[in-house]
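Enquirer: Here it is: the structure, laid out below.
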Amino acid sequence: MKVTEYVDFDAVGLAELVAQGEVTRAELEAAAREAAQAVNPRINAIVETWPTDDEPKPEPEPGGAPLAGVPFLIKDIGVTMAGRRTELGSRLAAGNVARADSAVMRRLRRAGLVTFGRTATPELAYSITTESVLYGATRNPWSLGRSAGGSSGGAAAAVAAGVVPIAHGTDAAGSLRVPAAHNGLFGLKPSRGRVSMGPDFDELFSGLAVHGSVSRTVRDSAALLDAIRGPEPGDPYFAPQPSRPYAEEVTRPPGSLRIGVLAQAWGGRRTTAPVADALSRTVRLLESLGHQVEEVEVGLGAAWEEYVLANARLHTANLAATVDGLAAAFGRPVDSSTLEPVTLAGYRYGQQVSGAQFVTALTMRNQVARSLARYFDAHDILLTPTLPELPAPLGALAQSAETLDGLGWIDRIFDRSPFTTPFNAAGTPAMSVPVTADPGTGLPIGMQFAAGYGQEGRLFRLAGQLEQAGPWTGRTPPVWAGNPPAH
């Protein structure tokens, strides 16, 4: 299969070709590798590829394997693949080789995905832009001088550029939705407990982080979530299982939904004109589809400053424990030779968080969850911009960052991505949908839709309707594996 043909299909479409015998897994893998060679030198999204093995995979689940044979990439954090490096974007973990598959990796294998590499992440996923010292900056395929977002920025850039149709990612503060918005992709953060974090963790980042994906089509993300959802033995809790596969929800009508619109973010950062215009166009589209749309005010259950402080304590205390564990495992110092300035500052801040402060921060997490739950008692969906502005230039987030302590860095991240983080605290699902683009620059603009706990099905139904009403897969970036080679 030629790369120009390969990029025309989503993951479900490629798997159908394999199932029908029209193409082999090996042919798809070869096309994906050729695509990676064509675009990765320009975007730096993939940090390593490896030969795939031909060992028999476990039998797929009853009902078939809708993603069998599809080339796939995993993020360099949050998932482990036996015998492969997992370096967490950090010099502190450089050379680390996983001894076993994590639970989500076993499920990815069972789905028949052909995982041939790992994608870039900022150091320890501690940023919303992917610009680590270890790997270098990942560039946005739509504009090479701009950020691809983070922390799943490598995954999003690789998918947007046509290397793979879908890739694994994680989300603890917007890390799927931010890069999805930057790169014109679909990205859904599932409910807390939807996908197991085991066996090494019960909760990752105190329940703020979840597994998910970024993809070019809604049905691909639905099929992947079907493949990886569900509990593992020993999980402390899990989300209730859906009544039907998510893949079936994509084509079901959502009905007339009660949708509230929050145009300006918590915390005071103003939505810029291009994003506000995109939000207005999205509202008109929703109304044309029969939804009831109104502007709303949504309380967080806490003042923004208290909310940021609580999150800083949760993030940095978890970071400190991770850093200590890595330093002990590899016998490396915790200093500027192993950690970037903002990570080191976060580590030092986290070391000072007391047990009582940590418990109080968890109480704040509960307050946010209860407050947003009351909103979803009265509305089906909350619509916000995914981000208040267009993708920033590379390096912009790090300006003067060496002067910030752990609280200051979290405050900066939350200020730049104020719409995404509350749904990590609440544990509720939220998705970024590439409904539109900025007419002036051509850059994609993501719109975020959130729903109540366990309501991924509702989001997939709405996303499927939006995709049908305004397809986005025909929009491709300048760096695209399907473009003819330059001479």
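Enquirer: Please list 3J(HN,Hα) in residue order for the range 430-436, calculated via the Karplus relation 6.51 cos²θ - 1.76 cosθ + 1.60 where θ = phi - 60°; whole Hz, with x for glycine and proline.
Expert: Calculated HN-Hα couplings, in order: 8, 9, 9, 10, x, 5, 8 Hz.
Enquirer: Answer with a single label: of [x] -0.29, -0.40, -0.83; [y] -0.23, -0.32, -0.67; [z] -0.53, -0.68, -0.94, which was calculated as log10 I(q)/I(0) by the Debye sum over Cα atoms at q = 0.06, 0.07, 0.10 Å⁻¹ from the structure in view?
Expert: [y]
Enquirer: Find how much the distance from Val97 to Ser354 grows on full extension, using 0.36 nm per residue of separation minus their present alpha carbon separation; answer in nm with one decimal. Let's see the in-between values first.
Expert: Details: separation 257, 0.36 × 257 = 92.52 nm, distance 3.26 nm.
Length gained between Val97 and Ser354: 89.3 nm.
Enquirer: Here's something else I'd like to know. Check which residues have an amide H placed less than 5 Å from Ala209's amide H, if you skip close sequence neighbours.
Expert: The answer is Leu204.
Enquirer: Kindly state, to the nearest 0.05, the FRET efficiency for Asn366 paired with Asp200, given R0 = 22 Å and r defined as their beta-carbon distance.
Expert: Numbers: r = 25 Å, r/R0 = 1.14.
Efficiency, rounded to the nearest 0.05: 0.30.
Enquirer: To continue, here is another question. Going by amide H atoms built from the backbone, whose H comes under 5 Å of the H on Ala265, apart from near neighbours?
Expert: Thr271
Enquirer: Sticking with this structure for a sec: If you put +1 on each Lys and Arg Cβ and -1 on each Asp and Glu Cβ, how big is the dipole of the chain around its Cα centre, in Debye rounded to 20?
Expert: Numbers: 42 positive and 49 negative charges, 46 e Å.
Charge dipole, the chain, about its Cα centre: 220 debye, nearest 20.
Enquirer: May I ask you to compute the full-extension gain from Glu48 to Glu295, defined as 0.36 nm times their residue separation minus their alpha-carbon distance, rounded to one decimal in nm? If you can, show how the numbers build up before the last one.
Expert: Values: separation 247, 0.36 × 247 = 88.92 nm, distance 4.56 nm.
That pair, Glu48 and Glu295, stretches by 84.4 nm at full extension.
Enquirer: I've got another one for you. Could you compute the net charge surrounding Ser213? Neighbours are other residues with a C-beta less than 13 Å from the C-beta of Ser213; K and R count +1, D and E count -1.
Expert: Values: positive: Lys75, Arg107, Arg177, Lys189, Arg194, Arg216, Arg219, Arg229; negative: Asp10, Asp171, Asp220, Asp226, Glu456.
Here the count lands on +3.
Enquirer: Order 232-238, 164-170, 375-381 from most to least packed using the mean count of other Cβ atoms within 10 Å.
Expert: Working: 232-238: 12.7, 164-170: 29.6, 375-381: 16.9.
Taking the mean over residues of other Cβ atoms within 10 Å, the ranking is 164-170, 375-381, 232-238.
Enquirer: Fully extended, how many nm does the chain gain between Phe330 and Thr251 (0.36 nm per residue separation, minus their Cα-Cα distance)?
Expert: Values: separation 79, 0.36 × 79 = 28.44 nm, distance 4.90 nm.
Gain in length upon complete extension: 23.5 nm.
Enquirer: Separation between the Gln399 and Asp415 pseudo-spin-labels, each 7 Å from Cα along Cα→Cβ, expressed in nm?
Expert: 1.1 nm
Enquirer: So how far apart, in nm, are the two label points at Asp438 and Glu27 if each is 7 Å from Cα heading toward Cβ?
Expert: Placing both labels 7 Å beyond Cα along the Cβ direction yields 4.1 nm.
Enquirer: OK, next. Give the separation of the Cα centroids, the range 113-165 to the range 412-441, in Å.
Expert: That distance is 17 Å.
Enquirer: Per DSSP helix of 4 or more residues, -39500 (n - 2.57); summed, then divided by the residues of the chain. What does that give at 222 nm, rounded to the nearest 500? Write down the numbers at each step before the final one.
Expert: Working: 15 runs with 179 residues, N = 487.
Taking each H run of at least 4 residues, the total per residue is -11500 deg cm²/dmol.
The numbers here are math on the coordinates, done by the rules we state, and not lab data. What you see is a predicted model, and the numbers here were worked out from it, not measured in a lab. Neighbour counts are summed over all protein chains in view; Cβ atoms, including those assigned to glycine, are modelled from backbone coordinates with ideal geometry.
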